[in-house]
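First the structure, which I've put down as structure tokens, then a few questions once you've had a look.
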Amino acid sequence: HDGGVDVGVADMAKKFFDELEIKEPNEVDYISQVILGKFKGENISIEDEDLTSDFIVLLGYYKKIKDNQDGCTHFINQLKTNHFLISGTDAHLHQPNQLYFPDEQLLRYFNDEDKCIFFNYEFYNTALEKYGKQIVNDFVSELGVKTAPSICKKTKTNVLQLNARIKDQISTSEYAEYHIEDYELDGFDDFCRSQTLSKETSLYLWNTVLPM
């Protein structure tokens, strides 16, 4: 006997686990049960090293299946509602659709002040080195990281209608009746207050923002 594992014992062990229907963990199981399991519940606390290593696993799996439309869509849908991406300055985890790409035009549009809304490339430097910026961009873009200011639905008071109703001494108990749905471009008011419109910012508004 050479001290190795007895073949008969190994076969018995395999049969035992087969009867218990215990499967060898695969990549999909690891992602759905181990990685995504970390982001369930409140007060999530995960070490930076784990966040970066988990991101690399997710990115590697995305690269493997990105040309399989159904599989990729299912995978992305599993991920995008989780708070698992780090932004530029704060220590909080964000959903992908809460963040923007930190490109030059968006940094200028948001006046480079609120970096907490930008995806943090530096934090994921290991993934960038391993897979390259393009695949990282493709991945987080599919997850919902934004390339242009988002349009947000806002509820505003319809002052003219409210004034008219009061003047006519009609009951104002149905308060919701005096509200209207409107839309607002994220950061636009601050942009207009803080910027002197240059040729570059004017072109950005015309070509990127206004067509939205």
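The values are calculated or read from the model by the stated rules, or taken from the named source; none is laboratory data. The model shown is predicted, which means the values in this text are computed figures rather than measured ones. Ligands, DNA and RNA are stripped out before the accessible areas are found, and what is left, the full protein with its side chains, is counted by its heavy atoms. Shrake-Rupley method; radii C 1.70, N 1.55, O 1.52, S 1.80 Å.
Taking the alpha-carbon centroid of each part, what is the distance from segment 119-139 to segment 53-78 in angstrom?
Answer, in whole Å: 14.
What ranking of Glu27, Glu200 comes out by heavy-atom accessible area, probe 1.4 Å, highest first? List each step's numbers first, then the result.
On the way: Glu27 65, Glu200 105 Å².
I get Glu200, Glu27, largest accessible area first.
Separate question: In the structure displayed, which of Lys63/Lys130; Lys38/Lys63; Lys40/Lys64; Lys40/Lys80; Lys66/Lys133 lie more than 20 Å apart, Cα to Cα?
Values: Lys63/Lys130 12 Å; Lys38/Lys63 22 Å; Lys40/Lys64 25 Å; Lys40/Lys80 13 Å; Lys66/Lys133 16 Å.
Pairs exceeding the cut-off: Lys38/Lys63; Lys40/Lys64.
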